[in-house]
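The structure under discussion appears below in the form of structure tokens.
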Amino acid sequence: MWESPIQVSLSGTPQPRIPSPGVSISGFPAKELVGLATHALRHHGIWVTRAAEARAVQTASPSPRLSSVSPTSLRSALRLVRLGPRASGKMAAPRMPPSRLSGIMVPAPIQDLEALRALTALFKEQRNRETAPRTIFQRVLDILKKSTHAVELACRDPSQVEHLASSLQLITECFRCLRNACIECSVNQNSIRNLDTIGVAVDLVLLFRELRVEQDSLLTAFRCGLQFLGNVASRNEDSQSIVWVHAFPELFMSCLNHPDKKIVAYCSMILFTSLNAERMKDLEENLNIAINVIEAHQKHPASEWPFLIISDHFLKSPELVEAMYGKLSNQERITLLDIVIAKLVGEEQLTKDDISIFVRHAELIANSFMDQCRNVLKLTSEPHTEDKEALVTIRLLDVLCEMTSNTELLGYLQVFPGLMERVIDVLRVIHEVGKESTNIFSPSDSLKAEGDIEHMTEGFKSHLIRLIGNLCYKNKENQDKVNELDGIPLILDSSNIDDNNPFMMQWVVYAVRNLTEDNSQNQDVIAKMEEQGLADASLLKKMGFEIEKSGDKLILKSNNDIPQPVSTLCKLSSVPPRKLPLHLCDLEVRGLSREHGRLEKLPSDEVTDRAE
């Protein structure tokens, strides 16, 4: 005899057992409870007659609800079920179980909230999900359809909204039940899909969006409906296709901009699950949905689903990115570019397929930068004005720096028409503007106090020099081009300490080394500058260079005080060092670390002079 209520398994071998913690079947009508127990006993060879089953129901409780059944009466009812009719006080002769069991035998339609809650609890366990009969899902669908009628009435007649409470409770529990049933169970996903439950659920979710009421119960039903659609489509291509047919584009248009962040997250989950290469073409024809995803990530950066849609789907379609980019607001462009950077500096290396796609992205980024690079000058008029166009230009430069830090993308950008010329031009303009008057591009040698707002152009000038250094790596044509454009004096003149451009000196050293590597002409230029007083000898020495005279020639060479070699300062941490060009083959930055491929200050107790 059981000392606590039973839970009847939906697995292939149902059997009575002590319920797991947190799982209950409270709410089943007594008749259904006895039916479940009877089914389990039959599987163990104990045949129970209908008469015995009826007596058990009568004994169980005067109320039809299990919630009012006392443990004593329940044990008595279950004992009657086990013993059956007692003509002679003996158990009825056991019979062989049926050749094929279909799972739980529910003798009456599921009609109430407690019964649905019981099923929801049962479906928390995998073995219960695996053999649930299709009839259960048909009954749940019937309840869902019946309750949907009340929502339709409320949409047509707002006065009916006050009568929605019970219907919304039933709808919520239907969705929870179906949601749980689909977890890691393709059989249930298929059964539910074949009943056209997906279409009913999508229609109901769209009705929720039309209801102009603020009720927690409505919001909960809304969320559970989206959770169900996400689960029924998870790892099931057939279900994904049906979800897409019913949900695209209306559901995504309705939910991605919803004020509730959970609804946005669940809708994003459905979109992420359903997208594939073919359906990306549908997005190209419905760019508003793609833009809504960008906006969702902008508003809810902590939600992983919009981020994954962009990084794992959007960025694999250069056609979509190009079509979408022109329609994005400046803030949305910044959001998209941030994700491009995250993809470039992520732990996973870009695959060959990724490289071919990112070459297409590089074309868009380079052209956009060349078109907009002078927008940064708008920031000189009002130092504290955040011009979004200028901020986009700054982010475009950041992306180019990361792209040229990838050896596979570097070659493409090194020969990109007009890019080097435009970078030198912008560097010269902001350098001269910064000297003419005190503005946002003027060098600052005062450290910002802790807590100061970050300078919006911080690092822009140093990143221009970083990009020049990258583009010159083992590329004599670009080395010579910088010389022809009088870029070398410009770079050397930018080596002053500037709090607005952290590590400026290091990036100048890096660029000079790449400019002079195997290039005697550029070495001569720097040597003559020092002789003519145009280059500070002490500064060159700090940078690891010294000038030697050999007859009538001046030779630029590395001095003996250069720190030990390290990997390039601008490489991605995700790429093994052996595969990286050593842009800074002779330089180690003092007091800096290379965590995540960027220059970062070490804690004060770790800052050491590594040259010693």
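None of the figures in this text is laboratory data; all of them are computed from the coordinates on show. These figures come from a predicted structure and were not determined experimentally. Cβ sites come from the backbone with ideal geometry, for glycine too, and all protein chains shown count toward neighbours.
I'd like to know how region 330-399 sits against the 2.2 N^0.38 Å rule of thumb: what's its Cα Rg over that expected value?
Values: Rg = 13.8 Å, N = 70, 2.2 N^0.38 = 11.1 Å.
Here the Cα radius of gyration is 1.25 times the empirical estimate.
Each label point is 7 Å from the Cα along the Cα-to-Cβ direction; what then is the distance between the points at SER442 and ARG422, in nm?
About 3.0 nm separates the two model spin labels.
Which order do LEU116, LEU344 fall in if you start with the one that has the fewest other Cβ atoms within 10 Å? The partial results should precede the final answer.
Details: LEU116 26, LEU344 22.
The order, fewest Cβ neighbours first, is LEU344, LEU116.
So for each of 223-232, 307-316 I average, over its residues, the number of other beta carbons within 10 Å; can you give me the resulting order with the highest mean first?
On the way: 223-232: 25.2, 307-316: 19.4.
Packing proxy ranking, top to bottom: 223-232, 307-316.
Pulled fully out, how much extra length does the chain show between ARG134 and ASP518, if you take 0.36 nm times their separation in residues and subtract their Cα-Cα distance? Mind showing how you got there, number by number?
Working: separation 384, 0.36 × 384 = 138.24 nm, distance 7.51 nm.
That works out to 130.7 nm of additional length.
Rounded to the nearest 0.05, what FRET efficiency do LYS327 and GLN372 give with R0 = 22 Å and r taken as the Cβ-Cβ distance? Could you check? Before the final figure, lay out each step's value.
Values: r = 16 Å, r/R0 = 0.72.
Given R0 = 22 Å and the Cβ-Cβ separation, E is 0.90.
Given the Cα-Cα distance of GLN126 and ASP157 and 0.36 nm per residue of separation, how much length would full extension add, in nm?
Working: separation 31, 0.36 × 31 = 11.16 nm, distance 4.22 nm.
Computed gain between GLN126 and ASP157 is 6.9 nm.
Roughly how many nanometres apart are two label points built 7 Å out from the Cα toward the Cβ at SER356 and LEU207?
Once both label points are built, they end up 4.8 nm from each other.
Sticking with the crude label model, points 7 Å out along Cα→Cβ, report the distance from VAL429 to ALA302 in nm, one decimal please.
Calculated label separation equals 4.1 nm.
Could you sort 517-523, 373-379 so that the peptide with the highest average Cβ count within 10 Å comes first and the rest follow in order? Please list the in-between numbers first.
Values: 517-523: 15.9, 373-379: 19.7.
So the order, starting with the most tightly packed, is 373-379, 517-523.
Within region 507-531, list the residues whose amide N lies under 20 Å from a label point set 7 Å along Cα→Cβ of GLU484.
512, 514-526
Based on a Kirkwood Rh over C-alpha pairs, give the Stokes-Einstein translational diffusion coefficient of region 113-163 at 25 °C and viscosity 0.890 mPa s in µm²/s.
Details: Rh = 12.8 Å.
Once the numbers are plugged in, D ends up at 191 µm²/s.
Quick one: go through region 399-421 and flag any residue whose amide nitrogen is under 11 Å from the point 7 Å out along the Cα-to-Cβ line of GLU477.
Only 412-418 pass the distance filter.
How big is region 113-324 on each of its three principal axes, counting only the C-alpha atoms and giving the largest first in Å?
Computed over region 113-324, the largest-to-smallest principal extents equal 51, 43, 28 Å.
In region 159-185, whose amide N lies under 18 Å from the spot 7 Å out along Cα-to-Cβ of LYS145? List them in ranges.
170-172, 174-175, 178
In whole angstrom, how far apart do the alpha carbon centroids of region 179-233 and region 326-369 sit?
34 Å
I'd like the trypsin sites (Lys or Arg not before Pro) in region 149-216 restricted to DSSP loop residues with at most 10 other Cβ atoms within 10 Å, sorted by number. The partial results should precede the final answer.
Working: sites: ARG156, ARG176, ARG179, ARG193, ARG209, ARG212; in loops: ARG212.
Within region 149-216, the qualifying trypsin sites (Lys or Arg not before Pro) (loop, at most 10 other Cβ atoms within 10 Å) are ARG212.
With a cap of 14 neighbouring Cβ atoms within 10 Å, and only residues DSSP puts in a loop, list the GluC sites (Glu not before Pro) found in region 144-197.
Values: sites: GLU152, GLU162, GLU173, GLU184; in loops: GLU184.
Counting only loop positions with at most 14 other Cβ atoms within 10 Å, the GluC sites (Glu not before Pro) in region 144-197 are GLU184.
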